Amino acid sequence: MNINETIQRQLAHKTIRAFKPQPLDPTLVTQLVDVARHTASSQFLQAYSILSIVDPAKKAAIAKISGQPYVADNGHLFIFIVDQNRNRQIGHEKGQDKNLLGSTNKLLAGLADATLAVQNTVNAAESLGLGTVILGSILNDAQQMIDLLDLPTLTFPVLGLAIGYPDQTPQLKPRLPEKFIHFTDTYQLPDPLVPELADYDAQVHEYYDLRDTNRRVDTFTNQVKRSLMNQSGKRSELLHILHQQGFLNDEQG
């Protein structure tokens, strides 16, 4: 099988959580944003925006929300948001104030746009020898994030992305084998499933046992089991906050 440099790099993807104290050059930040801007977009509505967080106090506040100190200590911090507010403003200025921008459909489109832009940015950053960590942890307190960033209605923070010069070399984390995530024509998991995952559980157990930092002996299926009823802290408020931001309102008009 012929694997080019791009595929080799993506297959070797590692999350970086320790960065050298070196900020990204502004021209590099602009280049990464340009890559994000050229990402595929649902219906070409480009329903997302990107915030660069450069204020040290705001970075520290986001790190506190996330519970992860490396959110404040990196080369650059982006926050990607669903943004239907811009399209609302365009509609208003074009004389169209009735809209369905708060609908489930429009929220999912914005989520897809923002998430794809994050991954494109990650690919570009890693091609330049930079390290990245995608931050779902910004939703540990979504309302505080919204207030901190002064986000209007019809916007919602989706993911953070910390980028910088790596100051660690973590091991490669084992991923689910293809047969558990790639099917042909129909969805077809083995039944029973857990015994089929025994070899993968052993690989994950070995990874946690041998990795350089944050040693934790665990298995994949045990992690899944613990997650089934785990909704920590203020994440239970996400539906309410989405409604407050004007989303999931399919009767809006």
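Can you confirm whether Tyr187 is in a helix (DSSP H, G or I) and of a type in the set (Phe, Trp, Tyr)?
It is false that Tyr187 is in a helix (DSSP H, G or I) and of a type in the set (Phe, Trp, Tyr).
Taking Gly160, is it in contact (Cβ under 8 Å) with a residue 60 or more places away in the chain and touching a strand residue (DSSP E or B) at 6+ places or on another chain (Cβ under 7 Å)?
Taking the combined requirement at face value, the residue satisfies it.
Without any contact (Cβ under 8 Å) to a residue 40 or more places away in the chain, surrounded by 19 or more Cβ atoms within 10 Å (Cβ to Cβ) and farther than 20 Å from Leu239 by Cα: does that describe Ala117?
When the stated conditions are applied, Ala117 does not pass them.
Given the conditions (1) part of a helix (DSSP H, G or I); (2) at pLDDT 95 or above; (3) of a type in the set (Asp, Glu), and given that Asp201 satisfies all but one, which numbered condition is not satisfied?
Of the numbered conditions (1) part of a helix (DSSP H, G or I); (2) at pLDDT 95 or above; (3) of a type in the set (Asp, Glu), the odd one out for Asp201 is (2).
For the list (1) at pLDDT 95 or above; (2) surrounded by 15 or more Cβ atoms within 10 Å (Cβ to Cβ); (3) not assigned by TED's automatic domain parsing to the domain that holds Ser42, I need the number of the one condition that Val158 fails.
Of everything listed in (1) at pLDDT 95 or above; (2) surrounded by 15 or more Cβ atoms within 10 Å (Cβ to Cβ); (3) not assigned by TED's automatic domain parsing to the domain that holds Ser42, Val158 misses just condition (3).
Picking from Thr169, Thr104, which residue would you name as being of a type in the set (Ser, Thr, Tyr), out of contact with any helix residue (DSSP H, G or I) (no Cβ under 7 Å at 6 or more places or on another chain), surrounded by fewer than 16 Cβ atoms within 10 Å (Cβ to Cβ) and within 20 Å of Pro21 (Cα to Cα)?
Thr169
Of the residues in region 119-149, how many are in contact with a Leu (Cβ under 8 Å, 6 or more places away or on another chain) and assigned to a helix (DSSP H, G or I)?
Within region 119-149, residues that are in contact with a Leu (Cβ under 8 Å, 6 or more places away or on another chain) and assigned to a helix (DSSP H, G or I) number 10.
For the subset of region 1-38 comprising residues that are touching a residue at least 24 places away in the same chain (Cβ under 8 Å) and of a type in the set (S, T, N, Q), which member is nearest to Asn74 (Cα to Cα)?
My answer is Gln22.
The values are calculated or read from the model by the stated rules, or taken from the named source; none is laboratory data. Keep in mind it's a predicted model, so treat the numbers as computed, not measured. Ideal geometry is used to build each Cβ from the backbone, glycine not excepted, and the neighbour counts take in all protein chains shown.
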